[in-house]
Each structure stands twice: as structure tokens, then as C-alpha cells.
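Beneath this line is the structure, given in C-alpha cells, with notes to follow.
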Amino acid sequence: PLLGNTLFQGLDNTCETFSRGDPIVQYDRHADRWFLSQFAFGRITESPYLQCIAVSTTNDPTGSYYRYSVDFSATGFNDYGKLGIFGDAYYTSYNIFEETTLDNLGVSLCASDRAKMLVGDPTAATLCSPTAFYAGGSAFLPADVDGLEQPSDLARGGVFMRYSKTNQNLRFVR
């Protein structure tokens, strides 16, 4: 066993310094790769707030990884990350909290460039929705492909859903 930040040594940011938790480990069956992620910050009430992402270079989970970080400092503290692996992207969602009061500001729904991450392209981008658009919210869960076959329409990824206890309904976002 190793600390989560061990994987991010040499990234030259908070990802290599702190192992704060909320790890995500998932196998990308269709790429035969591993996806690992966790958040990183120095103090909970002080940015930067990073999400550290690593994608294995082979199917060996103990081997080498391509590493990335996503900075949430402009929107707030990212927490409760969820992951969905789909053919066109790695989809993630995060609850976002205000930096000093830790009030819930909403949810960020994100898509990371899976194709570029799988080949180690340093220009791989992660794009996220405006947090306030999903304000007051519980976590969204991104759709995830776990079966042996990809859906027939790969361009139709980016499906997120959450359950609302207050209204007792499901909220679907695409």
C-alpha cells in the first residue's frame, strides 16, 4: 500500500504533496486501463483545490501513469467526486463548497478528454459546467459503461442523474 499522492510525484503541485482522500479507482474495460483520482488541498479553507487524475499507460495497475490535475480554486472546494467511464470521455461530478464557510454552492459536471488522456497528451482538457447552474444540490452520478460492449451511439455520453429526497424524483441532465 502507498499513499495516494505517491502516484503524483513530479507533478509539481498540491497533488504530489497531500493525500486528502475521496479516492476513485476504476477499470476502463474498453481501453484496458486504470483510472485513479483523488482531491488535494493544503487547508480546507484555503485554495488551491485540485482534483488529481491518473490514467495507467498499460493494463498493469502497478505500472506507470499519465497524470493530470484539474484546478477548482475559482469555483470553490470540490468534494464527493463521482466517475463515469464512457467511450467519448471520462465524466465526473463534484459537489462544490464555498471556501471559507463551506456552504454548498452547487455541483460541477465535468468531461475529461479520454482519448488524449489514454495517450498521455498533456493538452487533455477537462471542461466543467458552471457550478451555480446546479445550485443547492446533491451529488449527480454520471452514466458509466461497465458491460463488454460500448453503446451503439458513443456521441451520446454525458448523462448525469441525481435523486431528490425533497421532491422524491430523479433529475436527469444531459
- Item | Solvent-accessible area per residue for segment 1-106 (1.4 angstrom probe, square angstrom) | 46 Å²
- Among 139-146, 84-91, what's the highest-first ranking by average C-beta atoms within 10 angstrom per residue? 84-91, 139-146
- Message: With a 1.4 Å probe and all protein chains kept in place, how much accessible area does Thr45 have, in Å² rounded to the nearest 10?
- Response: 50 Å²
- Message: Give the residue list of trypsin sites (Lys or Arg not before Pro) in segment 1-81 that are DSSP loop and have at most 16 other beta-carbon atoms within 10 angstrom.
- Response: Arg29
- First check a/c for segment 5-105, with a ≥ b ≥ c the square roots of the eigenvalues of its C-alpha gyration tensor; if it is under 1.5, answer rounded, and if not, answer prolate when a/b is larger than b/c or oblate otherwise. oblate
- Note on segment 76-174: alpha-carbon gyration tensor, axes a ≥ b ≥ c; rule is a/c under 1.5 for rounded, else prolate if a/b larger than b/c, else oblate; result oblate
- Pull out a ≥ b ≥ c, the square roots of the eigenvalues of the alpha-carbon gyration tensor of the chain, then state rounded if a/c is under 1.5, prolate if not and a/b is larger than b/c, and oblate in the remaining case. oblate
- Query: Residues of segment 89-107 with amide nitrogen under 18 Å from the 7 Å Cα-to-Cβ point of Gln150?
  - Reply: 89-92
- Message: What is the percent carbon and sulfur in the accessible area of the chain, measuring with a 1.4 Å probe over the protein chains and ignoring ligands?
- Response: 54 percent
- With Cα springs under 10 Å, the Gaussian network model of the chain assigns the largest mean-square fluctuation among Asp32, Asp12, Asp22 to Asp12
- Message: At R0 = 25 Å, how high is the FRET efficiency between Gln168 and Gln26 if r is their beta carbon distance? Nearest 0.05 is fine.
- Response: 0.25
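The values are calculated or read from the model by the stated rules, or taken from the named source; none is laboratory data. In this text the structure is predicted, and so the values were computed from the model without any measurement. Glycine also receives a Cβ, built like all others from the backbone with ideal geometry; neighbour counts cover every protein chain displayed. SASA here: full protein model, heavy atoms, side chains in, ligands and nucleic acids out. Shrake-Rupley method; radii C 1.70, N 1.55, O 1.52, S 1.80 Å.
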